[in-house]
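The structure appears below as C-alpha cells.
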Amino acid sequence: MESAINKVLDLLSKPKKVLWICFAILFMGLIIEGKIFQILSLYHQKENLEKNIAELQSQTKKLKMQIREAKHPKFIERKARNQLDLVEEGDLLFVFSD
C-alpha cells in the first residue's frame, strides 16, 4: 500500500507526465462519448454552409445586376426588337419570301 502511494507521489512530482495523462484521459473521454466525431461533423457542415452562402450571394449579385439592366429603356427596346421583330421608325426593313 505504501509503495503505491509512493508511486503516485512520484508521478505527481512530474508535471509534464501529469499533463499528458490528463490529456489522454480527456481525449479518451471525448472519443468514448463521440464528441470528437460530432465536432468534426459540425465543422464540415459549417464549411458546406459557408460555401453555399458564398454561391447564393454570387447568384444574388448577378440577379440584381440583371434586374438593373432590365429596367433600362435600351434593354427593353433591344428585347422588343429581337423577340417581337419590332422596328423603329426610320429603320430599314428587309422582307424575304420563301
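The values are calculated or read from the model by the stated rules, or taken from the named source; none is laboratory data. The model shown is predicted, which means the values in this text are computed figures rather than measured ones. Note that we place each Cβ from the backbone using ideal geometry, even for glycine, and neighbour counts take in every protein chain shown.
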Any idea which of Ile31, Ile25 is among the β-branched types (Val, Ile, Thr), out of contact with any Gly (no Cβ under 9 Å at 6 or more places or on another chain) and at pLDDT 85 or above?
Ile25
Could you go through the range 54-70 and let me know if any residue there is outside any helix (DSSP H, G or I), surrounded by 10 or more Cβ atoms within 10 Å (Cβ to Cβ) and hydrophobic (A, V, I, L, M, F, W, C).
no
